[in-house]
Each structure stands twice: as structure tokens, then as C-alpha cells.
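What follows is a set of notes on a single structure, which appears directly below.
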Amino acid sequence: MNRIPNATSKGRRVKMGVIIPTVNTVTEPEFNAMRPEGVTVHVTRMPIHFHPEEDGFKSLMEDLEIRLNEFALFAADIVAYNCTVGSMACPPEMLVNKLESVTGSPGVTTAGSVIQALKALEADSISLATPYPDATNQHEKEFLERSGIKVLKMAGMSFDAVEPELGRKFAEVPEEEIYRHALSVDHPDAKALFLSCANFPTAALTQQIENTLGKPVITSNTATFWAGLRKAGITDNIEGFGSLFSISP
């Protein structure tokens, strides 16, 4: 008899609903690679709102509500808004309140998860490696530093493209190139390295980079998945994706 992956010996423990940007093709395989027994991942998509403040966050909240109502219908146990840039462009409490009020379930965002993960790792100074242009990196640095995380060194990557092609290109960067990029951005005084962007295929590299640098490495997706699991009461130590999964908030 063929084994159905979701019908595990532990039974279904948590249904995680995840909102990702329309062009994202990385989150689903990475979350499914990391998920412990009994956890299922259910994804829906929506456009990124780069400047949601321009209409007082109205369009963002309306788009979120449509997707969150889907999660409410199947009674997701935990919901996540998995977009680094999008979640850093909105007050964190506003996003979490929206996730939780519509679904009635606990919610996490990538921005909040990154801060939570770095604080759990006691990393108040970091290096920041991204696929983004300089302007996006600067915005991200400002967000992190407002949250008490000092960015000692940062660098993005260069692409001859604009959105939406630019977002698609993030997902196509070879692992070898990401690995070299990550090592080049490390600062000797940084207590951790953050590989940013949910559509940047970095989760599988975290353990290798940690072993090389001798310090914690988190990504947008490892932080979001870890925070979602912990908020849902799942404390499994998931091996192979960095030391973050060995701790609880």
C-alpha cells in the first residue's frame, strides 16, 4: 500500500495556511522540506503591496481578507503572511491582528518572525544578504534597526530585470552563487547571518553556511516556518536547516 505523506503515525497535528506573493515558487518546496510529521502546508497567493501606506493600507487589508477567508473555511490552525518586503512595509501589529481576527487562528508574519528568531538566538548584530537592489536593502536595514537589530554589513545582487520578472529571477539563483554571496557578506562581529527574501532558495544551505561561519544563519522562510510551528505549539527539533529549530522563543 502506498503511504500518503499526510497520513502519518502522529496523525494530523497542524494545518498551516500560508499567503505568498504571486511570483513565489520557493516557499512551498522549502516549507514542505522542513515540515515535521503531522504538519500540512496549504498555500494561497496574492500580489505584493510595496507601498500599502499610500491608501492607508486599505488595498492590502482587502486582499488579505479574501485569502484569509479561505483559511477560515478549512480551519487552519496557524496562518502566515510570508513576504519579507510586504510584511516590513506594514505595522507588524496591524498585519497580525488582521490574520488572527479573520481566521480566528494564531498568525505570524515574515518580518515579525525574523525579529523573533534573531532575538531567540540572542543576535543583536547581523550581516544581511539578499537578492534585492540597494533601495530595498536600505529599507530592510532601517526596519531591522528600529527593532533593535544592528546591521553591520549588507549586500544584494544585481539583475537586469524589473518586476515581475525580477521576482522570478530571485528564485533561479544557483545554490553555489547564493553560498558565495552569503560568505562574502559575513562580518566578523555579526552574531548571525540573515538571508532575506521568501523567494530566494536558501533554506537548504543554512546548515552548510552555519558550519562554515560558525554562527547562526536564518532565512525568511526558516524564520517564518519556525515561528509558525512554535506559535502552533509544535516544538520538534528539525535537523538540517540551522540551529534555529533547536530552540523555542
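Residue-by-condition table, conditions (1) surrounded by 21 or more Cβ atoms within 10 Å (Cβ to Cβ); (2) modelled with pLDDT of 80 or more; (3) touching a Ser or Thr at 6+ places or on another chain (Cβ under 8 Å):
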| residue | (1), (2), (3) |
| --- | --- |
| P5 | no, no, no |
| G11 | no, no, no |
| G17 | yes, yes, yes |
| T25 | no, yes, no |
| V43 | no, yes, yes |
TODO: Pull up the range 228-249, narrow it to residues that are part of a helix (DSSP H, G or I), within 16 Å of V108 (Cα to Cα) and not aliphatic (A, V, I, L, M), then point me to the one that is nearest to the chain's Cα centre (by Cα).
DONE: G228
TODO: Out of the residues in the range 26-57 that are in contact with a Lys or Arg (Cβ under 8 Å, 6 or more places away or on another chain) and among the β-branched types (V, I, T), state the one that is farthest from F71 (Cα to Cα).
DONE: V39
Task: Pairs, first acidic (D, E) in the range 188-213, second outside any helix (DSSP H, G or I) and surrounded by 21 or more Cβ atoms within 10 Å (Cβ to Cβ), C-beta under 9 Å, six or more apart - done: E210/L193; E210/P216; E210/V217; E210/G242
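Quick check on the range 89-103: of everything there that is closer than 21 Å to T136 by Cβ and touching a strand residue (DSSP E or B) at 6+ places or on another chain (Cβ under 9 Å), which residue is surrounded by the most Cβ atoms within 10 Å (Cβ to Cβ)?
L95
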Task: Residue pairs meeting the criteria (Cβ under 7 Å; at least 6 apart or on separate chains; first over 25 Å from P92 (Cα atoms), in the range 147-166; second outside any loop (DSSP other than H, G, I, E, B) and modelled with pLDDT of 95 or more) - done: M157/H181
TODO: Could you tell me whether any residue of the range 126-143 is in a helix (DSSP H, G or I) and touching an Asp or Glu at 6+ places or on another chain (Cβ under 8 Å)?
DONE: no
- [ ] Give V102, V96 a once-over and let me know the one that is under 19 Å from the mean Cα position of the chain (by Cα) and farther than 22 Å from F241 by Cβ.
- [x] V96
Open item on the list: Can you pull out every residue in the range 146-164 that is exposed (fewer than 12 other Cβ atoms within 10 Å of the Cβ) and modelled with pLDDT of 95 or more?
Closed with: R146, G148
Task: Test for E100: is it in a helix (DSSP H, G or I), in contact with a Phe, Trp or Tyr (Cβ under 9 Å, 6 or more places away or on another chain), acidic (D, E) and closer than 22 Å to T222 by Cα - done: no
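The values are calculated or read from the model by the stated rules, or taken from the named source; none is laboratory data. The structure presented is a predicted model; accordingly, all values stated were derived computationally and were not measured. Every residue, glycine among them, receives a Cβ derived from its backbone with ideal geometry; neighbour counts consider all protein chains shown.
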